[in-house]
Amino acid sequence: MNRLLATIILLAGVVTGLAQQPPITQTEYVKMLYALEKTPRTRVDIVDALRKRGIDFTVTDGLRSLTRSKGANDDDLKRALEEADRRRQNPVAAQPVSKEDASGLLVNTTKNTLAAVDEMPDFVVKQQIQRSWAFAGTNNYKNLDRLVVAVSYRSTGEESYKVLSMNGLVRNDAEARRSYSDTGGTTSTGEFVSMLAVIFKPESLTKFEVVDSDVLNGRRTVIFDFSIERAKAQQTLTYSGQVTDNTAWTGVQGRIWIDRDEARVLRIESEATEIPAGFPIQSARRTIDYDWVRIDGQRYLLPALSSVRLVTRESVRSLENGRSTQTTKSVETRNVIRFKEYQKYGTEVKILDDDNKPEPEREPR
């Protein structure tokens, strides 16, 4: 543990306070949105400005609608606007932390997280998964299917998945025993502790930088950017296509929200880095929101909501002037996963009437 603490303190030494810049006015923000429509690449700059400068205006439904329309319904932009509005409403909670406080919080979070990884219980949980797709960059998602999956987790890190229903059709025992990946389309695993373990284990040599403060679900948080090189992260992406299957190792970078009082991670936003050139998957991003649950009378911090988005190059067939043509386009798939009814290992996961009813679109915010 001494080696671990020394590593984290060294990395925390690079954190910096937030630059004091005037907040964005409503007029300025509206101009940004109209410019964004003409120059989509400025989206990253707008998100960065919202997070660093904040806003001095009330976010109305009208501004939310304008943000959706001019920003092509971009999730990062929508979340950044809501974060800025929360900081405007509660500026005390949004005050930047000092380098010393950030370093101490990071050390405590590392200890707490790695201890929690080692003390994870055996449990079962129900996943409600809504899968959809869009042409990359449009955010105009169309539903593909809806799955209900029973997940069994062992404290050894083993995860097993059993598909209980697909598009409202309950599967029999033989069908349910099929692998989650047999359903086709985008699948994901490792939401429970794998990402947390990779971020905080000392051998990852994770680089942290404090970037902001926020209030998340009523909890005061400090936000850190993080990055891990491919050689250390060893994250895997697997593409299963009609012609070939490929697996690639990648690095990872992103952002974590840490509860100031409990020194635990409440949210992770991550994306794959150093994806090999020519690999079919061009982009892979994941967001996980955590919440406290009780399993067999004990309190644990576990995933409540997750979103997984992959961008791939796919062959698309279309009909033009009566002729069938085939082109290659970037397609984005999105899985929104809700984690329901955590219970002790061995408990039967049952399908309820509400499980097969589509829920309103909602991603981690």
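The values are calculated or read from the model by the stated rules, or taken from the named source; none is laboratory data. No experiment lies behind these values; they were computed from the predicted model shown. Glycine also receives a Cβ, built like all others from the backbone with ideal geometry; neighbour counts cover every protein chain displayed. Remember, those area values only see protein heavy atoms, side chains included, never the ligands or the DNA or RNA. Shrake-Rupley method; radii C 1.70, N 1.55, O 1.52, S 1.80 Å.
Before moving on, here are some points about what is shown:
- Extension gain (nm, one decimal) between ALA277 and GLU229, 0.36 nm per residue minus Cα-Cα: 15.7 nm
- Among the protein heavy atoms of the range 47-157, carbon and sulfur supply 45% of the accessible surface, probe 1.4 Å, non-protein parts ignored.
- Each label was represented as a point 7 Å from its Cα along the Cα-to-Cβ direction; for GLU203 and ASP122 these points are 2.7 nm apart.
- Across the range 64-95, the residues whose backbone nitrogen lies under 17 Å from the label position 7 Å along the beta-carbon direction of VAL30 are 64-71.
- Solvent-accessible area per residue for the range 84-176 (1.4 angstrom probe, square angstrom): 46 Å²
- The modelled label-to-label distance for the pair LYS99/ASN143, using points 7 Å beyond Cα in the direction of Cβ, is 5.2 nm.
- Distances between placed amide hydrogens fall under 5 Å for ASP291 paired with LEU302, ALA304, all partners being 5 or more residues away or on another chain.
- HN-Hα J in Hz across the range 127-133 - Karplus 6.51, -1.76, 1.60, θ = phi - 60°, x for Gly and Pro: 10, 9, 10, 9, 10, 8, 8
- Residue-span extension gain [THR39 to GLU82] - 0.36 nm each, minus C-alpha spacing: 13.2 nm
- Based on protein heavy atoms only, the range 216-306 ends up with 47 Å² per residue of surface accessible to a 1.4 Å probe.
- The modelled label-to-label distance between LEU169 and SER69, using points 7 Å beyond Cα along the C-beta direction, is 4.1 nm.
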